[in-house]
Amino acid sequence: MAKRIIKEYEKRRNEIFDAAKTLFFKRGYENTTVETIIDSVGISKGTFYYYFKSKEELLDALAHESAKTAFEKIDSAVFGNRLNALERMRLYFQYSRSWKLDNRDMLKALMKVLYTPSNLLLREKFMEKQIELLKPTLTRIIRQGIDEGLFHTPYPDDIAEILFSLFGNAGTSFSSLVLTVDEHPENIDVLLHKFKVYQDLFERILGAPEGSIEFVDRKYLKKYFFINNTRRR
């Protein structure tokens, strides 16, 4: 009986997920209401709030589930080849960039939600889930790098969490820039500079060679924001 209840719970939750993803894509997050979602699924408002406390919490759950699926694949790809730790780290960020590119609309909507002052608790919970999700892969790469003499840190089990916390604390600054680039594409230069600063910090904390790890470059940022010589979104 318990298995049936769990299966029905997951089925209904997935139906809400699927409807929300479709509506967010077609209408945009801000133009999709809870009423629109429940009408699409054919459930009551009470049923919706049994699964999610708010539309913001639903978006957070969607992003986490999407990231979880993606990073399971990334983990498999990163460790599916005979590579040294630096090569694995570069591949890790390469796949991460690709996922963010494919999910930019959802991520930008999520960013607007998370960095609203009233959603501080939601943001903290999101960061905790991201650390829990990404820490094992990064820790494994760091341990390999120490064994190979490529990284130099005495705290491999703690460093990944520290690095994510560092980036999390910078989130407000990054998010405000990201959300202005559509209207002010020149802010890409400021954003790129900030990424370079944190890239330098990342390498220093790991004891990795200077310039050995790249988060993003100008070409990627222009692609992410649909900026080129003839088109601007």
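In table form, for the structure just shown:
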| quantity | calculated |
| --- | --- |
| List D189, D39, D182, ordered by accessible area with a 1.4 Å probe, largest first | D39, D189, D182 |
| Largest to smallest principal axis extent of the C-alpha atoms in the chain, angstrom | 58, 52, 32 |
| Within the chain: Cβ-based charge dipole about Cα centre, in debye rounded to nearest 20 (Lys, Arg +1; Asp, Glu -1) | 720 debye |
| Helix-only [θ]222 nm of the chain, DSSP H runs n ≥ 4, -39500 (n - 2.57) each, per residue, nearest 500 | -24000 deg cm²/dmol |
| R0 of 25 Å, Cβ-Cβ distance S76-D147: FRET efficiency to nearest 0.05 | 0.75 |
| Compactness of segment 35-98 - radius of gyration and Dmax, Cα, Å | 18.1, 53 |
| DSSP-loop chymotrypsin sites (Phe, Trp or Tyr not before Pro) across segment 1-86, with at most 16 other Cβ within 10 angstrom | F79 |
| Size of segment 96-139 as Cα extents on the principal axes (Å, biggest first) | 32, 22, 8 |
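The values are calculated or read from the model by the stated rules, or taken from the named source; none is laboratory data. These numbers come from a predicted model, not from an experiment. Cβ: placed from backbone, ideal geometry, glycine included. Neighbour counts: every protein chain shown. To get the accessible areas, we keep the full protein, side chains included, count just its heavy atoms, and leave off ligands, DNA and RNA. Shrake-Rupley method; radii C 1.70, N 1.55, O 1.52, S 1.80 Å.
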